[in-house]
1. Considering only the other residues whose Cβ falls under 15 Å of the Cβ of GLU177, what net charge follows from Lys and Arg at +1 and Asp and Glu at -1?
2. Over segment 95-164, with a single point scatterer placed on each C-alpha, what log10 of the ratio I(q)/I(0) does the Debye formula yield at q = 0.18, 0.19, 0.27 1/Å?
3. Could you work out what % of the accessible surface of segment 103-214 is carbon and sulfur, using a 1.4 angstrom probe and leaving DNA, RNA and ligands out of the count?
4. Given LYS2/LYS185; LYS87/LYS193; LYS2/LYS193; LYS2/LYS87; LYS185/LYS206, which pairs have Cα atoms separated by over 25 Å?
5. To the nearest whole percent, what portion of all C-alpha pairs in segment 69-197 is separated by more than 19 angstrom?
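The values are calculated or read from the model by the stated rules, or taken from the named source; none is laboratory data. Bear in mind the structure is a predicted one, so any value in this text is a computation, not a measurement. Counting neighbours? That spans all protein chains shown, and the Cβs are built from the backbone with ideal geometry, glycine included. We work out accessible area using only protein heavy atoms, side chains counted, and drop any ligands, DNA or RNA first. Shrake-Rupley method; radii C 1.70, N 1.55, O 1.52, S 1.80 Å.
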Amino acid sequence: MKCKKCGSEFLSPNEALIAICGNCVMQKAVADELGRTVPMEGEPRFAEKKSKRVEFADGAQLQELFPDFEIGERLGAGGMGAVFKAKQKSLDRWVAIKILDPDLKGDPEFEERFEREAKAMAMLNHPNIVGIHDFGVRRNFHFLIMEYVDGRDLQQLIKAGRMEPELAFSIIHQICEALHFAHNKNVVHRDVKPGNILVDRDGVAKIGDFGLARILHQENDISLTAGKVGMGTPAYMAPEQLADAK
């Protein structure tokens, strides 16, 4: 298909919905967020997310923990961990390394959530789900090594405003495909929200962060899967989940 803005040929996941390439849409969204119509020469189009808390991990420390990787910039951080871009030397490929706060080690709910995320993602090989390469613990640091998505999360794109309808419809279609696939594998995500959806430069959407996922055939239920415990982010929960919430 030919992009109606730049005229370049690109592969559309659904030609009935997309008439603009993801690169044009996201370049414009980033420019709007930065207050410019186009990026400046030599400036990266995808700005680093502002981190909330990363005292427990920095690039130099991670380089010692992962000598088989070349640690790059920090992609984002939050209350439970941080994500770094890294190059896997043996395969010459970019990956994302998610490092979780070591202060949470020993918390059974935290460790269950960590293992749950790794196992859920490992079960799901789909183009619209972030892939996982490895997980484990090094010097009290729990880590996930995941597919690197060269783009931004949907929350950032929405905040930038003026999202093209074609891209919005495409993202909805792709995420529904991913969730349908996950459900057929007996995995329920339970925390679908814009911050957990990544969109790359080609407009391909991928859902990640399966930390609250439930694998239906597993019998071990702790507080994360207790029947009377609400799971998810309140602002994005279905109304029926909040109707009688305590």
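1. Combined, the nearby Lys, Arg, Asp and Glu give +2.
2. Per q value, in the given order, log10 I(q)/I(0) is -0.79, -0.84, -1.17.
3. Carbon-and-sulfur percentage of accessible area, whole number: 50.
4. Flagged as over cut-off: LYS2/LYS185; LYS87/LYS193; LYS2/LYS193; LYS2/LYS87.
5. The answer is 55 percent, as a whole percent.
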